[in-house]
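The values are calculated or read from the model by the stated rules, or taken from the named source; none is laboratory data. Values in this document were obtained by computation on a predicted structure and should not be read as measured data. Don't worry about glycine lacking a Cβ; one is built from the backbone with ideal geometry, like all the others, and counts go over all protein chains shown. Heads up: the accessible areas ignore ligands, DNA and RNA and are worked out on the full protein's heavy atoms, side chains in. Shrake-Rupley method; radii C 1.70, N 1.55, O 1.52, S 1.80 Å.
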Amino acid sequence: MPVIGLNIGKRSFRAVELESRKDKLVLNTFGTFINPKITTDPSSSEDVKIVSSALEQFVSETGFSTSDVVLSIDETHVFMRIIKLPIMSDKELKSSIKYEAEQYIPLPLDQVNLSYQKIDQDITEKGKMSVQIVAARKDIVNKYVDILRKAKLVPRAIEPETIALGRALGDSLNAPSGTMILEMGYGSTLIIVCYGGFVRFTRAIPIGGDVITKTLMQSLSLDHEQAEEYKKAYGLDDFQGEGKVAQVVKPIIDNLILEVQRAAVFFTNHNPSANIKRVILSGGTALMPNLLSYVANKLDLEVILANPLNNIEISPKIEKQKQLLIDEAPSYASAIGLALRRV
Ligand SMILES: Nc1ncnc2c1ncn2[C@@H]1O[C@H](COP(=O)(O)OP(=O)(O)OP(=O)(O)O)[C@@H](O)[C@H]1O
Ligand SMILES: [Mg+2]
(Lines give C-alpha, C1' and ligand atoms only; values in the text may rest on other atoms or scores of the structure.)
(Ligands and ions follow the chains in the order given, each with its own letter.)
Protein backbone atom coordinates (compact mmCIF):
# COMPACT_ATOMS: atom_id res chain seq x y z
CA MET A 1 0.00 0.00 0.00
CA PRO A 2 1.45 3.37 -1.00
CA VAL A 3 1.47 6.27 1.43
CA ILE A 4 2.02 10.01 1.14
CA GLY A 5 4.49 11.72 3.47
CA LEU A 6 3.43 15.36 3.74
CA ASN A 7 5.24 18.26 5.35
CA ILE A 8 3.35 21.55 5.59
CA GLY A 9 6.13 24.10 5.98
CA LYS A 10 5.81 27.83 6.48
CA ARG A 11 6.70 28.37 2.84
CA SER A 12 6.01 25.11 1.05
CA PHE A 13 4.03 21.92 1.05
CA ARG A 14 6.36 19.06 0.22
CA ALA A 15 5.20 15.52 -0.34
CA VAL A 16 6.39 12.18 -1.63
CA GLU A 17 4.50 8.97 -2.27
CA LEU A 18 6.36 5.82 -1.26
CA GLU A 19 5.43 2.21 -1.73
CA SER A 20 7.09 -0.97 -0.60
CA ARG A 21 7.26 -3.58 -3.37
CA LYS A 22 8.66 -6.96 -2.43
CA ASP A 23 11.93 -6.10 -0.74
CA LYS A 24 12.39 -2.64 -2.13
CA LEU A 25 11.07 0.86 -1.57
CA VAL A 26 9.81 2.79 -4.55
CA LEU A 27 9.16 6.51 -4.76
CA ASN A 28 6.13 6.89 -7.03
CA THR A 29 5.83 10.64 -7.13
CA PHE A 30 6.80 13.85 -5.35
CA GLY A 31 5.94 17.53 -5.44
CA THR A 32 5.99 20.92 -3.81
CA PHE A 33 3.54 23.81 -3.69
CA ILE A 34 3.58 27.27 -2.12
CA ASN A 35 1.81 27.40 1.22
CA PRO A 36 -0.58 30.35 0.86
CA LYS A 37 -0.82 30.88 4.59
CA ILE A 38 1.21 30.36 7.70
CA THR A 39 -0.87 27.99 9.79
CA THR A 40 -0.04 28.82 13.34
CA ASP A 41 -3.18 30.32 14.80
CA PRO A 42 -5.18 27.37 16.11
CA SER A 43 -8.34 29.45 16.49
CA SER A 44 -8.49 30.73 12.95
CA SER A 45 -10.90 28.79 10.75
CA GLU A 46 -9.94 31.09 7.88
CA ASP A 47 -6.54 29.39 7.47
CA VAL A 48 -8.15 25.97 7.47
CA LYS A 49 -10.12 26.96 4.38
CA ILE A 50 -7.20 28.58 2.58
CA VAL A 51 -4.69 25.84 3.33
CA SER A 52 -7.03 22.95 2.62
CA SER A 53 -8.08 24.29 -0.76
CA ALA A 54 -4.43 24.89 -1.73
CA LEU A 55 -3.65 21.38 -0.55
CA GLU A 56 -6.46 19.99 -2.66
CA GLN A 57 -5.05 21.75 -5.71
CA PHE A 58 -1.55 20.47 -4.91
CA VAL A 59 -2.81 16.91 -4.59
CA SER A 60 -4.66 17.01 -7.89
CA GLU A 61 -1.67 18.54 -9.72
CA THR A 62 0.80 16.04 -8.29
CA GLY A 63 -1.37 13.01 -8.98
CA PHE A 64 -0.94 10.71 -6.01
CA SER A 65 -2.39 7.21 -6.19
CA THR A 66 -3.54 7.15 -2.57
CA SER A 67 -5.13 9.54 -0.10
CA ASP A 68 -3.41 8.04 2.96
CA VAL A 69 -1.14 10.59 4.57
CA VAL A 70 1.47 10.70 7.29
CA LEU A 71 1.75 14.35 8.34
CA SER A 72 4.28 16.23 10.38
CA ILE A 73 3.38 18.73 13.04
CA ASP A 74 5.23 21.98 13.44
CA GLU A 75 8.02 22.07 15.97
CA THR A 76 6.41 24.96 17.84
CA HIS A 77 3.31 22.90 18.69
CA VAL A 78 4.90 19.72 19.80
CA PHE A 79 7.01 19.01 22.79
CA MET A 80 9.57 16.20 22.56
CA ARG A 81 11.97 15.27 25.29
CA ILE A 82 14.07 12.39 26.50
CA ILE A 83 13.64 11.84 30.21
CA LYS A 84 15.65 9.59 32.51
CA LEU A 85 13.77 7.25 34.81
CA PRO A 86 14.82 4.43 37.09
CA ILE A 87 14.73 1.11 35.23
CA MET A 88 11.20 -0.32 35.50
CA SER A 89 8.91 -2.78 33.73
CA ASP A 90 6.68 -1.75 30.82
CA LYS A 91 3.68 -2.05 33.09
CA GLU A 92 5.16 0.20 35.73
CA LEU A 93 6.16 2.68 33.06
CA LYS A 94 2.65 2.73 31.66
CA SER A 95 1.13 3.55 35.00
CA SER A 96 3.65 6.22 35.95
CA ILE A 97 4.34 7.95 32.63
CA LYS A 98 1.61 10.56 33.02
CA TYR A 99 2.84 11.60 36.39
CA GLU A 100 6.45 11.73 35.16
CA ALA A 101 5.56 13.57 31.95
CA GLU A 102 3.57 16.19 33.79
CA GLN A 103 6.77 17.50 35.34
CA TYR A 104 8.32 18.19 31.95
CA ILE A 105 5.47 19.24 29.71
CA PRO A 106 4.69 22.95 29.80
CA LEU A 107 0.95 22.43 29.08
CA PRO A 108 -1.85 20.78 31.07
CA LEU A 109 -1.98 17.09 30.12
CA ASP A 110 -5.64 17.28 29.06
CA GLN A 111 -4.63 19.71 26.31
CA VAL A 112 -2.09 17.40 24.68
CA ASN A 113 -1.88 14.01 23.02
CA LEU A 114 0.85 12.21 24.92
CA SER A 115 2.85 9.31 23.55
CA TYR A 116 6.05 7.73 24.80
CA GLN A 117 8.64 5.22 23.78
CA LYS A 118 11.27 3.41 25.83
CA ILE A 119 14.63 4.00 24.20
CA ASP A 120 17.33 2.12 26.04
CA GLN A 121 19.15 1.75 29.27
CA ASP A 122 20.64 5.14 29.70
CA ILE A 123 23.82 5.63 27.73
CA THR A 124 25.47 7.54 30.53
CA GLU A 125 23.84 6.65 33.84
CA LYS A 126 23.71 3.08 35.15
CA GLY A 127 20.40 1.99 36.71
CA LYS A 128 18.43 4.48 34.61
CA MET A 129 16.62 4.22 31.34
CA SER A 130 15.78 6.83 28.72
CA VAL A 131 12.20 7.37 27.65
CA GLN A 132 11.14 9.64 24.83
CA ILE A 133 7.95 11.57 25.51
CA VAL A 134 6.08 13.40 22.77
CA ALA A 135 3.22 15.77 23.57
CA ALA A 136 1.33 17.47 20.75
CA ARG A 137 -1.23 20.18 21.33
CA LYS A 138 -4.67 18.69 20.74
CA ASP A 139 -6.14 21.84 19.18
CA ILE A 140 -3.33 21.95 16.61
CA VAL A 141 -3.56 18.24 15.81
CA ASN A 142 -7.32 18.65 15.32
CA LYS A 143 -6.77 21.60 13.05
CA TYR A 144 -4.35 19.68 10.85
CA VAL A 145 -6.75 16.73 10.72
CA ASP A 146 -9.48 19.13 9.65
CA ILE A 147 -7.26 20.62 6.91
CA LEU A 148 -6.44 17.15 5.57
CA ARG A 149 -10.04 15.95 5.59
CA LYS A 150 -11.23 19.08 3.80
CA ALA A 151 -8.57 18.38 1.16
CA LYS A 152 -10.00 14.84 0.86
CA LEU A 153 -6.95 13.24 2.41
CA VAL A 154 -6.93 10.60 5.13
CA PRO A 155 -4.59 11.25 8.06
CA ARG A 156 -3.02 7.93 9.09
CA ALA A 157 -0.45 9.30 11.48
CA ILE A 158 0.84 12.64 12.72
CA GLU A 159 4.26 13.03 14.25
CA PRO A 160 6.84 15.73 14.96
CA GLU A 161 8.92 16.66 11.92
CA THR A 162 12.08 16.07 13.98
CA ILE A 163 11.20 12.38 14.39
CA ALA A 164 10.58 12.03 10.65
CA LEU A 165 13.95 13.63 9.90
CA GLY A 166 15.68 11.31 12.34
CA ARG A 167 14.13 8.33 10.55
CA ALA A 168 15.21 9.56 7.12
CA LEU A 169 18.72 10.74 7.97
CA GLY A 170 19.75 9.55 11.42
CA ASP A 171 21.96 6.68 12.50
CA SER A 172 20.68 3.28 13.59
CA LEU A 173 20.50 1.23 16.76
CA ASN A 174 22.95 -1.31 15.34
CA ALA A 175 25.48 1.23 14.14
CA PRO A 176 25.28 4.17 16.53
CA SER A 177 27.07 7.21 15.20
CA GLY A 178 26.13 10.63 16.57
CA THR A 179 24.44 12.60 13.82
CA MET A 180 23.37 16.22 13.86
CA ILE A 181 20.77 17.21 11.30
CA LEU A 182 20.31 20.86 10.36
CA GLU A 183 16.92 21.19 8.67
CA MET A 184 17.14 24.64 7.13
CA GLY A 185 13.75 25.91 6.03
CA TYR A 186 12.09 29.26 5.43
CA GLY A 187 11.35 30.54 8.93
CA SER A 188 13.77 28.50 10.97
CA THR A 189 16.46 25.86 11.21
CA LEU A 190 15.83 22.77 13.26
CA ILE A 191 18.83 21.27 15.03
CA ILE A 192 18.29 17.58 15.67
CA VAL A 193 20.74 15.20 17.30
CA CYS A 194 20.25 11.46 16.73
CA TYR A 195 22.12 8.70 18.45
CA GLY A 196 21.54 4.97 18.42
CA GLY A 197 18.49 5.26 16.16
CA PHE A 198 16.64 7.84 18.25
CA VAL A 199 16.21 11.58 18.23
CA ARG A 200 17.72 12.74 21.51
CA PHE A 201 17.79 16.49 21.26
CA THR A 202 16.02 19.16 19.22
CA ARG A 203 16.13 22.92 19.06
CA ALA A 204 14.63 25.44 16.66
CA ILE A 205 16.67 28.52 15.72
CA PRO A 206 14.75 31.35 14.01
CA ILE A 207 17.20 31.63 11.11
CA GLY A 208 16.10 30.40 7.67
CA GLY A 209 15.77 31.31 4.02
CA ASP A 210 13.38 34.19 4.66
CA VAL A 211 15.87 36.12 6.81
CA ILE A 212 18.53 35.61 4.16
CA THR A 213 16.29 36.95 1.39
CA LYS A 214 15.11 39.94 3.44
CA THR A 215 18.67 40.85 4.43
CA LEU A 216 19.74 40.68 0.78
CA MET A 217 16.83 42.96 -0.17
CA GLN A 218 17.89 45.54 2.39
CA SER A 219 21.65 45.37 1.98
CA LEU A 220 21.73 45.30 -1.82
CA SER A 221 18.50 47.25 -2.52
CA LEU A 222 16.85 44.40 -4.38
CA ASP A 223 13.21 43.50 -4.70
CA HIS A 224 12.02 40.19 -3.28
CA GLU A 225 12.19 38.28 -6.53
CA GLN A 226 15.71 39.48 -7.35
CA ALA A 227 16.96 38.73 -3.85
CA GLU A 228 15.52 35.21 -4.04
CA GLU A 229 17.17 34.71 -7.44
CA TYR A 230 20.60 35.91 -6.34
CA LYS A 231 20.40 33.83 -3.20
CA LYS A 232 19.69 30.68 -5.21
CA ALA A 233 22.19 31.43 -7.98
CA TYR A 234 25.16 32.80 -5.98
CA GLY A 235 24.59 31.86 -2.35
CA LEU A 236 27.92 31.75 -0.54
CA ASP A 237 30.06 31.70 -3.68
CA ASP A 238 32.78 34.36 -3.38
CA PHE A 239 33.43 34.29 -7.11
CA GLN A 240 29.92 35.20 -8.24
CA GLY A 241 28.72 38.78 -8.53
CA GLU A 242 31.97 40.06 -6.98
CA GLY A 243 31.10 38.12 -3.84
CA LYS A 244 28.50 40.75 -2.83
CA VAL A 245 25.78 38.21 -2.13
CA ALA A 246 28.15 35.93 -0.21
CA GLN A 247 29.27 38.86 1.91
CA VAL A 248 25.70 39.49 3.05
CA VAL A 249 24.82 35.84 3.61
CA LYS A 250 27.95 34.84 5.55
CA PRO A 251 27.22 36.66 8.83
CA ILE A 252 23.74 35.09 8.92
CA ILE A 253 25.18 31.61 8.50
CA ASP A 254 27.88 32.45 11.05
CA ASN A 255 25.17 33.22 13.61
CA LEU A 256 23.51 29.93 12.86
CA ILE A 257 26.82 28.08 13.22
CA LEU A 258 27.29 29.66 16.67
CA GLU A 259 23.92 28.23 17.71
CA VAL A 260 24.87 24.86 16.27
CA GLN A 261 28.11 24.83 18.23
CA ARG A 262 26.25 25.75 21.41
CA ALA A 263 23.75 22.97 20.85
CA ALA A 264 26.54 20.47 20.22
CA VAL A 265 28.30 21.45 23.45
CA PHE A 266 25.03 21.22 25.38
CA PHE A 267 24.27 17.79 23.98
CA THR A 268 27.76 16.42 24.55
CA ASN A 269 27.82 17.71 28.14
CA HIS A 270 24.60 15.83 28.85
CA ASN A 271 25.56 12.72 26.85
CA PRO A 272 29.33 12.38 27.24
CA SER A 273 29.47 8.96 25.60
CA ALA A 274 27.55 9.95 22.47
CA ASN A 275 29.96 11.87 20.28
CA ILE A 276 28.59 13.86 17.36
CA LYS A 277 30.44 12.52 14.32
CA ARG A 278 28.74 14.16 11.37
CA VAL A 279 26.45 17.00 10.40
CA ILE A 280 23.81 16.61 7.70
CA LEU A 281 22.29 19.61 5.93
CA SER A 282 18.68 19.35 4.76
CA GLY A 283 15.70 21.58 3.92
CA GLY A 284 15.21 24.09 1.09
CA THR A 285 17.89 26.47 2.34
CA ALA A 286 20.45 23.64 2.35
CA LEU A 287 20.37 23.90 -1.47
CA MET A 288 22.12 27.27 -1.37
CA PRO A 289 25.33 27.26 -3.46
CA ASN A 290 28.57 26.76 -1.48
CA LEU A 291 26.73 26.41 1.83
CA LEU A 292 28.12 22.93 2.35
CA SER A 293 31.79 23.89 1.97
CA TYR A 294 31.28 27.04 4.05
CA VAL A 295 29.73 25.14 6.96
CA ALA A 296 32.28 22.32 6.66
CA ASN A 297 35.13 24.82 6.97
CA LYS A 298 33.67 26.33 10.13
CA LEU A 299 32.81 23.11 11.94
CA ASP A 300 35.40 20.59 12.97
CA LEU A 301 33.18 17.73 11.82
CA GLU A 302 32.24 15.84 8.69
CA VAL A 303 29.48 17.83 6.97
CA ILE A 304 27.38 16.35 4.18
CA LEU A 305 24.29 17.21 2.18
CA ALA A 306 21.28 15.06 3.05
CA ASN A 307 20.55 12.13 0.78
CA PRO A 308 17.18 10.81 1.94
CA LEU A 309 16.89 8.75 -1.27
CA ASN A 310 19.39 6.20 0.03
CA ASN A 311 17.89 2.72 -0.49
CA ILE A 312 14.89 4.16 -2.34
CA GLU A 313 14.23 3.42 -6.00
CA ILE A 314 12.69 6.07 -8.18
CA SER A 315 9.73 4.85 -10.22
CA PRO A 316 10.38 4.75 -13.99
CA LYS A 317 7.09 6.63 -14.36
CA ILE A 318 8.76 9.81 -13.18
CA GLU A 319 11.96 9.32 -15.18
CA LYS A 320 11.70 12.86 -16.60
CA GLN A 321 11.67 14.46 -13.14
CA LYS A 322 14.31 12.17 -11.70
CA GLN A 323 17.17 14.65 -11.98
CA LEU A 324 15.09 17.39 -10.35
CA LEU A 325 14.28 15.07 -7.46
CA ILE A 326 17.92 14.13 -6.99
CA ASP A 327 18.99 17.79 -7.09
CA GLU A 328 16.35 18.85 -4.58
CA ALA A 329 16.40 15.69 -2.45
CA PRO A 330 17.70 17.44 0.70
CA SER A 331 14.47 19.48 0.81
CA TYR A 332 12.33 16.31 0.74
CA ALA A 333 13.95 14.66 3.77
CA SER A 334 11.00 15.34 6.11
CA ALA A 335 8.42 14.13 3.61
CA ILE A 336 10.43 10.96 2.94
CA GLY A 337 10.90 10.31 6.66
CA LEU A 338 7.15 10.66 7.20
CA ALA A 339 6.28 8.22 4.43
CA LEU A 340 8.88 5.76 5.77
CA ARG A 341 6.88 5.54 8.98
CA ARG A 342 4.13 3.62 7.21
CA VAL A 343 6.02 1.67 4.54
N1 LIG B 1 18.31 26.44 -4.48
C2 LIG B 1 18.10 27.15 -3.37
N3 LIG B 1 19.06 27.93 -2.86
C4 LIG B 1 18.87 28.66 -1.74
N5 LIG B 1 17.71 28.69 -1.07
C6 LIG B 1 16.70 27.94 -1.54
C7 LIG B 1 16.84 27.13 -2.71
N8 LIG B 1 15.65 26.50 -2.93
C9 LIG B 1 14.82 26.89 -1.94
N10 LIG B 1 15.44 27.76 -1.11
C11 LIG B 1 14.88 28.44 0.06
O12 LIG B 1 14.37 27.49 0.94
C13 LIG B 1 13.31 28.05 1.72
C14 LIG B 1 12.15 27.08 1.73
O15 LIG B 1 12.59 25.89 2.28
P16 LIG B 1 11.57 24.76 2.76
O17 LIG B 1 10.66 24.41 1.65
O18 LIG B 1 12.39 23.69 3.39
O19 LIG B 1 10.77 25.63 3.85
P20 LIG B 1 9.50 25.29 4.72
O21 LIG B 1 9.58 23.88 5.17
O22 LIG B 1 8.27 25.72 4.02
O23 LIG B 1 9.75 26.31 5.92
P24 LIG B 1 9.83 26.02 7.50
O25 LIG B 1 10.63 24.76 7.66
O26 LIG B 1 10.54 27.21 8.05
O27 LIG B 1 8.43 25.87 7.96
C28 LIG B 1 12.96 29.38 1.06
O29 LIG B 1 13.46 30.44 1.85
C30 LIG B 1 13.71 29.31 -0.27
O31 LIG B 1 14.13 30.59 -0.71
MG1 LIG C 1 10.42 22.93 6.82
Task: Residues (under 18 Å from the mean Cα position of the chain (by Cα) and small (Gly, Ala, Ser)) located in region 291-309 - done: Ala306
Task: Selected residue [in contact (Cβ under 8 Å) with a residue 60 or more places away in the chain and either open to solvent by 50 Å² or more (accessible area, probe 1.4 Å) or part of a loop (DSSP other than H, G, I, E, B) (or both)] from Ala204, Ala233 - done: Ala204
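Of all residues in region 291-315, which are within 14 Å of ligand 1 (Cβ to nearest atom), touching a strand residue (DSSP E or B) at 6+ places or on another chain (Cβ under 9 Å) and open to solvent by less than 70 Å² (accessible area, probe 1.4 Å)?
Leu291, Leu292, Val295, Ala306, Pro308 - these are the residues of region 291-315 that are within 14 Å of ligand 1 (Cβ to nearest atom), touching a strand residue (DSSP E or B) at 6+ places or on another chain (Cβ under 9 Å) and open to solvent by less than 70 Å² (accessible area, probe 1.4 Å).
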Task: Extreme residue, farthest from Val154 (Cα to Cα), among residues of region 70-92 that are in contact (Cβ under 8 Å) with a residue 60 or more places away in the chain and among the polar types (S, T, N, Q) - done: Thr76
- [ ] Starting from region 265-294, keep only residues that are closer than 15 Å to Phe198 by Cα and small (Gly, Ala, Ser), then list their pairs with residues that are in a loop (DSSP other than H, G, I, E, B) and open to solvent by less than 30 Å² (accessible area, probe 1.4 Å) whose Cβ atoms are within a distance under 8 Å, requiring at least 6 positions of separation or different chains.
- [x] Ala274/Gly196
- [ ] Can you tell me which residue within region 157-192, out of those that are assigned to a loop (DSSP other than H, G, I, E, B) and within 14 Å of ligand 2 (Cβ to nearest atom), is most open to solvent (accessible area, probe 1.4 Å)?
- [x] Tyr186
TODO: Within region 39-49, identify whether any single residue is of a type in the set (Val, Ile, Thr), away from ligand 2 (no atom under 16 Å from the Cβ), farther than 23 Å from Ile336 by Cβ and at pLDDT below 95, and answer yes or no.
DONE: yes
Task: Cβ-Cβ under 6 Å pairs, at least 6 apart or on other chains, region 155-168 side more than 14 Å from Ala306 (Cα to Cα), far side among the polar types (S, T, N, Q) and open to solvent by 10 Å² or more (accessible area, probe 1.4 Å) - done: Thr162/Thr202
Open item on the list: Only one of Gln240, Gln218, Gln247 is at negative phi, touching a residue at least 12 places away in the same chain (Cβ under 8 Å), more than 10 Å from ligand 1 (Cβ to nearest atom) and not hydrophobic (A, V, I, L, M, F, W, C). Can you tell me which?
Closed with: Gln240
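Restricting the search to region 93-108, which residues are free of Cβ contacts under 8 Å to residues at least 12 places away in the same chain and either open to solvent by less than 100 Å² (accessible area, probe 1.4 Å) or of a type in the set (Ser, Thr, Tyr) (or both)?
Those that are free of Cβ contacts under 8 Å to residues at least 12 places away in the same chain and either open to solvent by less than 100 Å² (accessible area, probe 1.4 Å) or of a type in the set (Ser, Thr, Tyr) (or both): Ser95, Ser96, Tyr99, Pro108.
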Task: Among (1) farther than 30 Å from Phe267 by Cα; (2) open to solvent by less than 10 Å² (accessible area, probe 1.4 Å), the one test that Val59 misses - done: (2)
Task: Qualifying positions in region 102-156 - touching a Ser or Thr at 6+ places or on another chain (Cβ under 7 Å) and either in a strand (DSSP E or B) or modelled with pLDDT under 90 (or both) - done: Ile119, Asp120, Asp122, Ile123, Thr124, Val134, Val154
TODO: Filter region 261-290 down to residues that are open to solvent by 20 Å² or more (accessible area, probe 1.4 Å) and within 16 Å of ligand 2 (Cβ to nearest atom) and give me whichever is nearest to the chain's Cα centre (by Cα).
DONE: Gly284
Open item on the list: Here's a check for you: in region 285-343, which residue that is part of a helix (DSSP H, G or I) and among the acidic types (Asp, Glu) is nearest to Leu256 (Cα to Cα)?
Closed with: Glu328
- [ ] Please enumerate the residues belonging to region 1-30 that are within 14 Å of Ser315 (Cα to Cα) and either of a type outside the set (D, E, K, R) or open to solvent by less than 60 Å² (accessible area, probe 1.4 Å) (or both).
- [x] Pro2, Val16, Glu17, Leu18, Glu19, Ser20, Leu25, Val26, Leu27, Asn28, Thr29, Phe30
Open item on the list: Can you pull out every residue in region 301-343 that is of a type in the set (A, V, I, L, M) and closer than 21 Å to Ser72 by Cα?
Closed with: Ala306, Leu309, Ile312, Leu325, Ala329, Ala333, Ala335, Ile336, Leu338, Ala339, Leu340, Val343
